[in-house]
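Chemist: Encoded as structure tokens, here's the structure I'll be asking about.
The values are calculated or read from the model by the stated rules, or taken from the named source; none is laboratory data. None of the values given here were measured: they were computed from a predicted structure. Glycine also receives a Cβ, built like all others from the backbone with ideal geometry; neighbour counts cover every protein chain displayed.
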Amino acid sequence: QQKAVIIGAGISGIATAIRLAVKGYAVEVYEANSYPGGKLSKIEQNGYRFDAGPSLFTMPQYVDELFELAGKNPANYFGYQKLDLVCKYFYEDGTRLNAYADTKQFAEEIENKTGEPAASVVKHLANSSDIYSITNHVFLERSLHRFKTYLRWDTVRSIFRFPQIDPFRTMHKANASNFKDERVVQFFDRYATYNGSNPYQAPATLNVIPHLEYHFGAYFPDGGMYSITQNLVKLAEELGVQFHYNYKVDEIVVINGKAKGIRAKGENILADVVVSNMDVWFTYKRLLSKHPQLHPKNILSQERSSSALIFYWGIKKSFPELDLHNIFFSADYKTEFDHIWKQQDIYSDPTVYLNISSKYKTDDAPNDCENWFVMINVPANNGQDWDKLIADVRENIIDKLSKILGEDISQLITCENILDPRGIESKTSSYKGSIYGTSSNNQFAAFLRHANKSSKVEGLYFCGGSVHPGGGIPLCLLSAKIASKLIK
Ligand code: FAD
């Protein structure tokens, strides 16, 4: 039996382990932390449970697919429900908008609250759907690094439709030409942050993202986001995958251009195939430091995605006007992004994302209390004075939420945990604490991501948010699919 070693038990590492086990490999996963999931993990404190990283679940079919591949019924492991109300939006001018999953209802809500014609919203979402149909075969579901991909009919057809994906305008420019109302432009610009990019720089191709939310839908897993990790680990173990926790890998052993295994805890562990789910930057810099000639310098110097600052607050009150996902917009979006991408610090009025999983999973917080996951987008870690930035913005966030909700939030916080770019970097070995690998701030980004297979080392493969096709749970699951297909 052939043996595969996987470095890292992030969502993509776990999915790759499942796929390779189904293919008949003996699979061992080595994970530096004492727990699986990487960014998709959880925090517990004072009777509150928080999902530590991702909170928005889209494209659940890619999770189901793993159970089906293993001949199991996903429903026996993992339940989730579709959200009728995707997210609540609060603007500084007092506007409150409900983003309903139903396109018609959503478009009418926008028209009622902003005066922007519902037809413009419907047209924008139809365009989003077109971009998806052109790009998904080429950019998302296949290796961009194999000649065969370009010989396929659907690829050729997509290439002819390329101008339709709008790669030469920025997302903001496209949105500002599609909508008159600034609040609606801001609403659609925000989707650039779904992969850690800047709407004032990223190509309008990223207008594909709303399609994922409004066509495929947004979901909530019954057991919270962490249950995705838990159930996939369970499936992997049933398939015979062995997980080794507290097991930091120090080196990928390469002899004569072939990956022979890994080195960890002072020992060589041999394998026929090595898959790195570790951030590709650290994979080269730490695990292949003896082989600088193998380092793809251009790829490693690419701009990283933004990072995040999260306050996990236990709140001793419940707020009926809030939902699972809530956004409190900045009054000046352009300035906010300038702070993230140019000044590389934090704007005094950031857009605040508030996720409350206890709205759906009531045991995530004590009675009449709520577990608040309060997140803002921040720059990647370049050695900023984070302690000072965090102290300042914490006050600003509390003031902003208190003003909009009409309640002094500072008096309601019973416990607190904070995760910042330094913590994301150290907890998951993500270079600069970026949460989606490299940014998508230019039209070539999709082609510049690292491939899922090494072109220089035989038997070495890559999966996860820092390689093709990119970050976020759905893409990480697709990266596992592409990497596994490349492994013969
Ligand atoms: P990671 O989660 O990065 O895990 C890599 C693993 O490798 C880690 O467990 C690490 O410990 C391990 N490792 C690293 N080095 C070594 C080594 N030397 N030896 C052994 N093990 C090692 N996505 C969404 O879809 N929806 C969201 O709402 C969303 N929100 C997010 C919010 C936050 C705050 C964050 C941080 C991320 C968010 N994401 C979201 C992105 C999503 O979490 C990631 O894209 C995805 O989880 C990354 O998975 P991965 O497989 O690349 O691995």
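Chemist: How many of the residues in segment 254-276 are within 16 Å of the ligand (Cβ to nearest atom), surrounded by fewer than 20 Cβ atoms within 10 Å (Cβ to Cβ) and among the β-branched types (Val, Ile, Thr)?
Modeler: Total satisfying the criteria: 1.
Chemist: Cβ-Cβ below 6 Å, separation at least six or inter-chain, first residue in segment 53-75 and farther than 9 Å from ILE473 by Cβ and touching a residue at least 40 places away in the same chain (Cβ under 8 Å), second within 14 Å of the ligand (Cβ to nearest atom) and of a type in the set (Ser, Thr, Tyr): which pairs?
Modeler: Sorted first by the residue in segment 53-75, then by its partner, the pairs are PRO60/TYR80; PRO60/TYR219.
Chemist: Does segment 256-275 include one or more residues that are touching a residue at least 40 places away in the same chain (Cβ under 8 Å) and under 26 Å from the mean Cα position of the chain (by Cα)?
Modeler: Looking through segment 256-275, at least one residue is touching a residue at least 40 places away in the same chain (Cβ under 8 Å) and under 26 Å from the mean Cα position of the chain (by Cα).
Chemist: Would you tally the residues in segment 453-467 being away from the ligand (no atom under 12 Å from the Cβ) and either in a loop (DSSP other than H, G, I, E, B) or outside the structural domain of ASN277 (by TED's automatic domain parsing) (or both)?
Modeler: Final tally of qualifying residues: 5.
Chemist: From the list GLY24, GLY13, which one is within 19 Å of LYS481 (Cβ to Cβ), in the same structural domain as LEU477 (by TED's automatic domain parsing) and touching a residue at least 24 places away in the same chain (Cβ under 8 Å)?
Modeler: GLY13
Chemist: Sticking with this structure for a sec: Take PHE329 and decide whether it is of a type outside the set (A, V, I, L, M), within 30 Å of SER227 (Cα to Cα) and touching a Phe, Trp or Tyr at 6+ places or on another chain (Cβ under 8 Å).
Modeler: Here the answer is yes, as PHE329 does meet what is asked.
Chemist: Determine which single condition ASP189 fails, assuming it passes every other condition in (1) at pLDDT below 95; (2) among the charged types (D, E, K, R); (3) more than 30 Å from ASN73 (Cα to Cα).
Modeler: Exception for ASP189: condition (1).
Chemist: What's the total number of residues in segment 8-40 that are outside any loop (DSSP other than H, G, I, E, B) and more than 19 Å from the chain's Cα centre (by Cα)?
Modeler: Total satisfying the criteria: 11.
Chemist: Restricting to segment 290-315, count the residues that are touching a residue at least 24 places away in the same chain (Cβ under 8 Å) and either surrounded by fewer than 15 Cβ atoms within 10 Å (Cβ to Cβ) or farther than 30 Å from PHE373 by Cβ (or both).
Modeler: 6
Yes/no matrix, rows are residues, columns are (1) within 15 Å of the ligand (Cβ to nearest atom); (2) among the β-branched types (Val, Ile, Thr); (3) within 30 Å of LEU354 (Cα to Cα):
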| residue | (1), (2), (3) |
| --- | --- |
| GLN2 | no, no, no |
| ILE7 | yes, yes, no |
| GLY10 | yes, no, yes |
| ARG19 | yes, no, no |
| ARG49 | no, no, yes |
| ALA52 | yes, no, yes |
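Chemist: Also: Tell me, please, whether a residue that is under 21 Å from the mean Cα position of the chain (by Cα), modelled with pLDDT of 95 or more and aromatic (Phe, Trp, Tyr) can be found in segment 342-351.
Modeler: Within segment 342-351 (the criterion being under 21 Å from the mean Cα position of the chain (by Cα), modelled with pLDDT of 95 or more and aromatic (Phe, Trp, Tyr)), the answer is no, since none of the residues qualifies.
Chemist: Based on what the data block shows, is PHE337 crowded, with 20+ Cβ neighbours inside 10 Å, modelled with pLDDT of 95 or more, in contact with a strand residue (DSSP E or B) (Cβ under 9 Å, 6 or more places away or on another chain) and not acidic (Asp, Glu)?
Modeler: So PHE337 passes the test.
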